[in-house]
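This report refers to the structure that appears directly beneath it.
The values are calculated or read from the model by the stated rules, or taken from the named source; none is laboratory data. Small disclaimer: the values here were computed from a predicted structure and weren't measured. Don't worry about glycine lacking a Cβ; one is built from the backbone with ideal geometry, like all the others, and counts go over all protein chains shown.
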Amino acid sequence: MKTIKITPRGYCHGVVNAINTISNLDTLSTKKPIYILGMVIHNKQIVDSLGHLDLITLHDETKTRLELLDEIKSGTVIFTAHGVSPQVYKKAKDKGLDIVDTTCDDVFRSQDTITEYINNGYAIIFIGKHTHPESEAAKGISNNVYIVENIKDIKKLKITNGKIALTNQTTMSIFDIYYLSEEAKKYYPNIIIIDEICNSTRIRQEALLNQDKDVDHCFVVGDKLSNNSIKLVEVSSTEAHINSTLIESVEDINIELLKKYNTVSVTSGASTPTKVTKEVIAFLEQFDKDDTSTHNNQTRITSFNLLTKKALPK
């Protein structure tokens, strides 16, 4: 099958930093037990692999990072790439925990920007997913940070402060930011717009817009909890007008639907392991709808070999 590999693919720099930091903890004098406060990145395969390193991931979608800290009595806590609020950091210090902070540099910069504007008397409208840890961290900076996810949220705002700035979660769609920014201007004409979409997210989305129009379908390889992966599907389908599917591994490919396509494209979220994406591409390239011997899409990747450099068995 003709398979177009959209670049860039693979980890962004923030994910590389987080995984490298955690993978090398054995070289440090780190107090045990070691907890990860939430999913270090939004990829279940990576989380499962890290479990073999005797790391305890605390993840509960019904709890905030602040609430999850209550489950840790001693040892070391790892803050994920998504960042944490000042309250979380203080609480961890007060509990006497060792702290390993893997917050992405782009998130740090976004938080610093929010703090600077708050200190200068601004209210902040923050475009992001309500349940996303990056939004939670932003909200924790000040009560004057308002999280909005859609137009309905903007309409419900009752901000009386004459100084307002708008910024965003780093993994949002560039189109979401535009549409919601334009809506916010209707209610707050003097609003200051601060675009904080990270470069990795932006260039992946822009690459989808430049897809070959002969592509029948686009596969986005990424976790269903990964916001940047979800947004890639939306950009391909809604903006590039090429139908797209989010798949977590080669096993999620629907063979019967695949038989209907002549040309497909492949991209991946910023937290998707390269090994997983390569396996998807290799399967698609060898696929022949008339040859059933090419239809076996069982993965060879396991939680034990995902993070190793050892080649997969042939």
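What the table below lists for this structure:
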read-out	value
Where Thr113 falls short, out of the listed (1) more than 19 Å from Pro33 (Cβ to Cβ); (2) not assigned by TED's automatic domain parsing to the domain that holds Met172	(2)
Top-ranked residue in the stretch 130-171 [being charged (D, E, K, R) and buried (at least 22 other Cβ atoms within 10 Å of the Cβ); ranked as farthest from Cys198 (Cα to Cα)]	Glu136
Qualifying residue in the stretch 124-138 (condition: out of contact with any strand residue (DSSP E or B) (no Cβ under 7 Å at 6 or more places or on another chain) and more than 25 Å from His42 (Cα to Cα))	no
Tabulated pairs, the stretch 41-57, first small (Gly, Ala, Ser) and part of a strand (DSSP E or B), second surrounded by fewer than 17 Cβ atoms within 10 Å (Cβ to Cβ) and modelled with pLDDT under 85, C-beta under 8 angstrom, 6+ apart or interchain	none
Matching residues in the stretch 278-302 - criterion: being part of a loop (DSSP other than H, G, I, E, B) and not aromatic (Phe, Trp, Tyr)	Asp288, Lys289, Asp290, Asp291, His295, Asn296, Asn297, Gln298, Thr299, Arg300, Ile301, Thr302
Selection count where residues are assigned to a helix (DSSP H, G or I) and touching a Leu at 6+ places or on another chain (Cβ under 8 Å), scope the stretch 6-25	4
Filter pass, Ser229 being part of a helix (DSSP H, G or I) and under 26 Å from His295 (Cα atoms)	yes
Hits in the stretch 102-129 - residues which are surrounded by fewer than 16 Cβ atoms within 10 Å (Cβ to Cβ) and either hydrophobic (A, V, I, L, M, F, W, C) or under 23 Å from Ser226 (Cβ atoms) (or both)	Asp105, Phe108, Arg109
From Val233, Val250, residue being touching a Leu at 6+ places or on another chain (Cβ under 8 Å) and among the hydrophobic types (A, V, I, L, M, F, W, C)	Val233
Scan of the stretch 59-88 for residues that are of a type in the set (D, E, K, R) and part of a loop (DSSP other than H, G, I, E, B), ordered by number	Asp60, Glu61, Lys63, Lys73
